[in-house]
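Some notes on the structure that comes next.
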Amino acid sequence: MTPSVLPVAHNGSHSAGAASTASTVEGNGSAPKEVIVKSSPYWPDGLAHQLSSPQPSLYENLESAASRFPGKTALQYYGGAVSYARLRQEVEALAGFLERQCGVARGDRVVLYMQNSPQYVISYYAILRSNAVVVPVNPMNITAELRHIIEDCGAKVALLGEELYENVRPLLGDAIKHAIVARYADYLADSTDLPLPAVLTEPGPELDVHPEFSADIAPKAVHWRAALAAAQQPSPYVASLEDLAVIPYTSGTTAAPKGCMHTNRSATHVVAASVQWCQLSPESVFLCAMPMFHVTGMQQCMNVAISLGSTMVVMTRWDSRCAALLIERYRIGFWIAISTMMVDFMSLPDLERFDLSSIERLAGGGAAMPKALAQRIEARLGVPYMEGYGLSETIAATHINPPQRCKLQCLGIPIQDTESIVVDPTTLEVLGSRVTGEILISGPQVFMGYWGRPDATRDAFVEVGGIRYLRTGDLGYIDEDGYFFFVDRLKRMINVSGYKVWPAEVETLLFEHPAIQEACVVAARDARRGETVKAFVVLRAGADASAKQIIEWGREHMASYKVPQIVEFVPALPRTGSGKVQWRLLQERENESSLLAG
């Protein structure tokens, strides 16, 4: 097979019908290699294939925005506003507290365990300002899941929302030495007519948290306001582009979640590329409804907005009516939303009464947007739904649809400086158009590896044609125009409303149920979530448990999106001759049942 089938790198010509051209590609630290690549004829007009370098660090983006736009609103929070000057001031004060009172030093990992809020943004950038590393944790995770992440990355400090304090308290004085506890409602306006989530209206829990800081407190758990009031000054900012900045955790094919190591360089590449790709400016107003712990919300909403000095309109919890009101009131122009959100949003009975004409870009990913819904969205909002693709290992986007030519249910084309190919998963032979294989990626946004997991890191990469690629574990193909399409998963991942659920992890947790002998978890189709979790369960001899009881037990022992929503009891699980459970057989059986059910 000739090298000209390597689609698609964006370093060559991008005119319509461009011929294959030679270009130089660098792949994750490997020496530059000359390869023959085919460029998509639909590369965005006027957009360079490569970013200028170096980019500023994540924190330097905030510093620049605050210097250029000190009086501009950085955060709109249900009527409350935080200017860029105040944002930087509170970031500095919190960074000083982390350093001076919590002992955070350069390279230390700090857990960020909150819902979307002004405190989330302040905490994220304060950790970076203290030259430390952000470890974002899903607020739906409970104590056992949280403990694993904390012990795995060695974090000793956590910043968290007060509604999550009970999950952290068992770890205080043990895994966690210092905790700063925030009340999101502190940043609300005195009054608002916007619908508020319960976490902002219900009385906060009674916490054994000290209202004022004292050096004698051990373990040190203090209120957010006390940390800021201490008005400590941080040491100089010295982190480089090569310093670790963020470690998002993702579950692999084994039960234990793994930390994806990202430097300032890998994170800011996606930020700068997205700004150019989506044609954003400081005047763009962002709706931040995607959870910021997730790389999509973190990067495409929060970090992109701050790099521009734009205004973020932040939602703590998703509410379709509130979203419509916010779009109308603040003239929101850029919105990242997964398909589950859009199903809910487009179902508003009085959606027609809202002025949504300010929307200029609507983008998302995580799960394919149903064709009929995408067509309804474009008819109502006047813009296409621009799908993209990325992983925790690439800290968000590697592929995005060109704004002027979006294809439905399509991952898009590789973004700036990014090379992506489709190969046979076994032989690594590069495949041609419309042939399904594993999607591989090489580019500046690819992670350094898994924290403390050299073997897993080694297995995540492969060399093809002299270039080091990340193995995504996703199956797809490339069409004749250079667009990538998702087909299936090489790994056993279930996609629940954009959240990744790994069956092995859920199975391990289910084995702890006293009535369960063994279980096999598969994906079941769900009209709202796209997919949901189903468990085939074998009960222990003499044990008795209903499906409802197992589901309720699951809610107490794992994050809600991981809990099996369907439980089917079976006398035994199918096995291979070597004794391995034939999960693929069960998955195929479930897929056939879904098709027959219509």
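Please find, among 566, 550, the residue that is assigned by TED's automatic domain parsing to the domain that holds residue 506 and buried (at least 18 other Cβ atoms within 10 Å of the Cβ). Please lay out each step first, then the result.
Values: 566 fails: buried (at least 18 other Cβ atoms within 10 Å of the Cβ).
The conditions single out 550.
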Subject >> Conditions (1) crowded, with 18+ Cβ neighbours inside 10 Å; (2) closer than 14 Å to residue 121 by Cα; (3) of a type outside the set (Asp, Glu); number of the one not met by residue 78 >> reply: (2)
Original post:
Of 227, 189, 215, 221, which residue is part of a strand (DSSP E or B) and at pLDDT below 95?
Top reply: 221
Original post:
Can you name every residue in the stretch 96-120 that is under 25 Å from residue 188 (Cα atoms) and within 24 Å of the chain's Cα centre (by Cα)?
Top reply: 111, 112, 113, 114, 115, 116, 117, 118, 119, 120
Subject >> Lone unmet requirement of (1) surrounded by 18 or more Cβ atoms within 10 Å (Cβ to Cβ); (2) in contact with a strand residue (DSSP E or B) (Cβ under 6 Å, 6 or more places away or on another chain); (3) closer than 28 Å to residue 417 by Cα for residue 222 >> reply: (3)
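Give the stretch 330-353 a look and list any residue that's within 30 Å of residue 63 (Cβ to Cβ) and either small (Gly, Ala, Ser) or without any contact (Cβ under 8 Å) to a residue 60 or more places away in the chain (or both), or say none. It would help to see each step written out before you state the result.
At the first step, the residues of the stretch 330-353 found to be within 30 Å of residue 63 (Cβ to Cβ) are 330-337.
Matches in the stretch 330-353: 331, 332, 333, 334, 335, 336, 337.
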Subject >> Near pairs, Cβ below 9 angstrom, 6+ apart or cross-chain, from the stretch 452-466 (outside the structural domain of residue 152 (by TED's automatic domain parsing)) to any residue that is at pLDDT 95 or above and among the β-branched types (Val, Ile, Thr) >> reply: 461/446; 462/423; 464/421; 464/423; 464/430; 465/421; 465/430
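May I ask you to say which residue of 482, 476 is small (Gly, Ala, Ser), farther than 19 Å from residue 595 by Cα and assigned to a strand (DSSP E or B)? Explain how you work it out, then say what you get.
Numbers: 482 fails: assigned to a strand (DSSP E or B).
From the options 482, 476, the qualifying one is 476.
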Subject >> Single condition residue 505 does not satisfy, out of (1) surrounded by 20 or more Cβ atoms within 10 Å (Cβ to Cβ); (2) within 22 Å of residue 581 (Cβ to Cβ); (3) at pLDDT 90 or above >> reply: (3)
Original post:
Quick one: which helices (runs of 4 or more DSSP H) sit completely within the stretch 490-598 and have at least 1 residues that are under 29 Å from the mean Cα position of the chain (by Cα), under 28 Å from residue 460 (Cβ atoms) and not polar (S, T, N, Q)?
Top reply: 503-510, 583-596
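Filter the stretch 446-485 down to residues that are within 30 Å of residue 565 (Cα to Cα) and either surrounded by fewer than 16 Cβ atoms within 10 Å (Cβ to Cβ) or touching an Asp or Glu at 6+ places or on another chain (Cβ under 6 Å) (or both), then give me how many there are. First the steps, then the outcome.
Pass one, the stretch 446-485, residues within 30 Å of residue 565 (Cα to Cα): 472-476, 485.
So of that shortlist, the ones also either surrounded by fewer than 16 Cβ atoms within 10 Å (Cβ to Cβ) or touching an Asp or Glu at 6+ places or on another chain (Cβ under 6 Å) (or both) come out as 475.
Counting residues in the stretch 446-485 that are within 30 Å of residue 565 (Cα to Cα) and either surrounded by fewer than 16 Cβ atoms within 10 Å (Cβ to Cβ) or touching an Asp or Glu at 6+ places or on another chain (Cβ under 6 Å) (or both) gives 1.
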**OP:** Being surrounded by fewer than 18 Cβ atoms within 10 Å (Cβ to Cβ), among the small types (Gly, Ala, Ser) and touching a residue at least 60 places away in the same chain (Cβ under 8 Å) is the filter here, so list the residues in the stretch 164-196 that pass it.
**Re:** 189, 191
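The values are calculated or read from the model by the stated rules, or taken from the named source; none is laboratory data. The model shown is predicted, which means the values in this text are computed figures rather than measured ones. Heads up, the Cβs are rebuilt from the backbone with ideal geometry, glycines too, and the neighbour counts pull from every protein chain shown.
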